[in-house]
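Here the structure is laid out as C-alpha cells; the discussion comes afterwards.
The values are calculated or read from the model by the stated rules, or taken from the named source; none is laboratory data. Please read these numbers as outputs of a predicted model, since none were measured by experiment. Virtual Cβ from ideal backbone geometry, glycine too; neighbours counted across all protein chains shown.
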Amino acid sequence: MTKETTGAGAPREPGSQWYDREAGPLVRPYAMTGGRTRPGPTGVRFDLIALVTLDSAAPGADDDTALGPEHRALVELCRTETQSVAELAAGADLPVGVVRVLLGDLLELGCVTVSRPVPPAQLPDERILREVIEGLRAL
C-alpha cells in the first residue's frame with residue numbers, strides 16, 4: 001500500500017481525503033439521504049416547528065439494523081422527549097433539509113409521529129379567551 005502525496009509533496013494516508021482535522025469526517029448530505037431531497041412519497045412537509053415524537057411501539061423503532069447512523073441519531077434524540085424539527089437538526093448537527101428527508105424515512109417506517117402546529121387562523125380569538133378568564137374569575 002502506498003501513501004499518497006499532497007500538493008506540497010507531504011505524504012498522507014490513503015483515505016485521509018475524507019477527513020478534515022478541523023471539521024471531522026466529511027460526508028456530503030446527498031450521501032446521507034441517498035441523493036433524495038424530498039421527505040418520501042407521502043408528500044409530508046415538515047415545518048421547523050413541527051413536533052416529532054418517537055413511537056416506541058413501532059416495529060422498526062428499536063431495530064438498529066434497519067436504520068442508518070443518522071436515522072438512529074434522530075431516534076435517540078426523540079427517545080427522551082418530543083422535539084421540533086429545528087431542535088433535531090441542531091441536536092444531530094445536520095442540515096434541516098437532510099433531517100426532513102430522514103424524518104420522512106422514519107415516518108414511513110412508523111418509528112415517529114409528527115404533529116403540526118395549529119395555524120394562527122385556527123387559534124381562538126384573544127377577545128374570547130379574555131371573556132372566558134373573566135367568567136372564571138366571576139365564579
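Name the residue that is surrounded by the most Cβ atoms within 10 Å (Cβ to Cβ), counting only residues in the stretch 111-138 that are outside any helix (DSSP H, G or I) and modelled with pLDDT of 85 or more.
If we take residues in the stretch 111-138 being outside any helix (DSSP H, G or I) and modelled with pLDDT of 85 or more, then Cys111 is surrounded by the most Cβ atoms within 10 Å (Cβ to Cβ).
Of the numbered conditions (1) modelled with pLDDT of 65 or more; (2) assigned to a loop (DSSP other than H, G, I, E, B); (3) under 30 Å from Val118 (Cβ atoms), Ala66 satisfies every one except a single condition; which is it?
Condition not satisfied by Ala66: (3).
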